[in-house]
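Values quoted throughout were computed directly from the atomic coordinates according to the rules given, and no laboratory measurement underlies them. As the structure is a prediction and not an experimental result, all values here were calculated from the model. Cβ placement follows ideal geometry from the backbone for every residue including glycine, while neighbour counts extend to all protein chains displayed.
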């Protein structure tokens, strides 16, 4: 029961930091969440989003690409990848040929 409450507190804190534009703090808390709950891909998604919002686009794409196969995160990860690719200065050939 305590782990579930702690998980909710961490996710709520991540949402708070995202809403207020504190993306570096959001990234560090998402990394901590990944260490605490290694099976939960949601924290990888949060980390990818925070990296994209910070402007670290290549790292964000790398993190978000791992979330696309998760059934719960498929739509959100795809939208975040589209956002990240739109912020990218150089469009990779992989994206052009694999996503018509």
Exercise. Could you state the angle between the C-alpha long axis of helix 42-54 and the longest principal axis of the C-alpha atoms of the chain, as a value from 0 to 90 degrees rounded to the nearest 10?
Key: 60 degrees
Exercise. Measure nothing but the geometry: give the 0 to 90° angle between the long axis through the Cα atoms of 2-19 and the longest principal axis through the Cα atoms of the chain, rounded to 10°.
Key: 50 degrees
Self-check item: Relative packing of 63-69, 38-44, which averages over residues the other C-beta atoms within 10 Å, highest first
Solution: 63-69, 38-44
Quiz item: Between residue 32 and residue 71, how many nm apart are label points set 7 Å from Cα along the C-beta direction?
Solution: 3.2 nm
Practice problem: Would you mind getting the Kirkwood hydrodynamic radius of the chain from its Cα pairs, rounded to one decimal in Å? | Solution: 13.9 Å
Practice problem: Calculate how steeply helix 23-36 sits against the longest principal axis of the alpha-carbon atoms of the chain, using the helix alpha-carbon long axis, and give the answer as 0 to 90 degrees to the nearest 10. | Solution: 70 degrees
Quiz item: Per-residue ellipticity at 222 nm for the chain, helices alone: DSSP H runs ≥ 4 residues times -39500 (n - 2.57), over residue total, nearest 500 deg cm²/dmol?
Solution: -23000 deg cm²/dmol
